[in-house]
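Derivation of every value follows stated rules applied to the coordinates shown; laboratory data play no part. Values in this document were obtained by computation on a predicted structure and should not be read as measured data. Neighbour counts run over all protein chains shown; Cβ positions are idealised from the backbone, glycine included.
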Amino acid sequence: MVKTASSSIIPSSPLRVLFAGTPEFSLPPLRVLLAGDCEIVAVLTQPDRPAGRGKHLSASPVKQLALKNNVEVLQPASLNESQWLQRLENLRPDLLLVVAYGLMIPAKLLALPLLGGWNIHASLLPRWRGAAPIQRAVEAGDRQTGVCIMKMEATLDTGPVYHCLTTPIEQQDTAGTLHDRLAEMGAQALTHCLELALTGGLSQPLAQDHSKAVYAQKLSKAEAELNWNQPAEILQRQIRAFNPWPIAWCELAGQRVRIWRAEVVEGTPDCEPGSVVVLENSSLIIGTADKALKILEIQRAGGKRLSAAAFLQAQGGKGF
């Protein structure tokens, strides 16, 4: 990154913020704004979507929190329509804050606020730009990750960075546990940057090294199928990365099962890739290309998520 001079721009007080976010990850930063001295001029969130078995329309977590706090909620299907841009311009925001919103922000909207647009991104940019940075970091075996507050540009996750916080990725971390930790870290990073912005002490952001950029492709259900001809460590990382969605799965003895948690163990006798061994201590072992995986939590299609021991007990102790 290239360091530039400090910024002397001091926005109005209270800071007028237009917030854009949709899922659970967006909630801690929104709570920071609600609890602080900022004025949230409106909240942008995606339109209500069908959810659950009944496919009833469901409001996003951000919409629910905003309405509880009497904040105006706007739900455009696209931000490229002129009437929406005019309506947002009339709000006169000092800052557009985007946290996992899910829609592209047009350049005209980024140019409206005095401080431009900030994005809280769940990776250490430029590594893992894109839709699934948390899951891809776990899947790749990264030792650490973090959150960045980035000044937004029209192109995806390419903007210069104001502030980063880092955290190690532990062996027991799943995408779910890391998601929750990073969401809170995003709120901490936002608090830091807001304090500096309100006193004129916010430095100009540092440009990303685009030559080191890595893209985090969106997850698909298809890639969650486990291939037992892969090494055990790769499979274990996939299981952690796809927890809590789309959940790693495989077919064992003709039965489709989800694998929620597993750990790498040394191979057992006659444990070929995909073969299942049930040990006397109720351990469920599956062979891989090199070592083996000990299954810790498993779920049959239509059944409950169970420990391996409980699963085997339900099977009469025989397994597959």
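Numbers for the structure displayed
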| read-out | value |
| --- | --- |
| Helix-only CD estimate at 222 nm, as mean residue ellipticity for the chain, using -39500 (n - 2.57) per DSSP H run (n ≥ 4) | -7000 deg cm²/dmol |
| Highest-MSF residue in the chain out of 149, 105, 134 [GNM, Cα springs under 10 Å] | 105 |
| Gap separating the Cα centres of region 204-236 and region 64-135, nearest whole Å | 25 Å |
| Built amide H within the under 5 Å cut-off of residue 249, gap 5+ | 225, 226, 259 |
| Label point distance in nm, residue 77-residue 39, each placed 7 Å from Cα along Cα→Cβ | 3.3 nm |
| Efficiency of FRET between residue 230 and residue 156 - r from beta-carbon atoms, R0 30 angstrom, step 0.05 | 0.50 |
| ³J(HN,Hα), Karplus 6.51/-1.76/1.60, whole Hz, each residue of region 125-136, x for Gly, Pro | 4, x, 6, 6, 5, x, 7, 10, x, 5, 5, 5 |
| Using θ = phi - 60° and Karplus 6.51 cos²θ - 1.76 cosθ + 1.60, couplings along region 78-85 (whole Hz; Gly, Pro as x) | 8, 9, 8, 7, 4, 5, 6, 4 |
| Theoretical FRET efficiency, 1/(1+(r/R0)^6), r = Cβ-Cβ of residue 207 and residue 296, R0 51 Å, to 0.05 | 0.70 |
| Residues residue 218 and residue 92, FRET efficiency given R0 of 35 Å [Cβ-Cβ distance, rounded to 0.05] | 0.50 |
| Residues with amide H under 5 Å from that of residue 16, placed H, sequence gap 5 or more | 39, 94, 95 |
| Whether region 222-314 is rounded, prolate or oblate, judged on the alpha carbon gyration tensor where a/c under 1.5 counts as rounded | oblate |
| Under Karplus coefficients 6.51, -1.76 and 1.60, residue-wise ³J(HN,Hα) of region 293-308 in Hz, glycine/proline x | 10, 8, 7, 9, 9, 9, 8, 6, 3, x, x, 8, 6, 10, 5, 4 |
| Relative contact order [Cα under 8 Å, 6+ residues apart], region 222-314, whole percent | 27 percent |
| Under 5 Å, built H, 5+ apart or other chain: amide partners of residue 98 | 20, 118, 119, 120 |
| Label-to-label distance, nm, for residues given as residue 184 and residue 51 (7 Å Cα→Cβ offset) | 2.2 nm |
| Three-way shape label, the chain, alpha-carbon gyration tensor, a/c 1.5 | prolate |
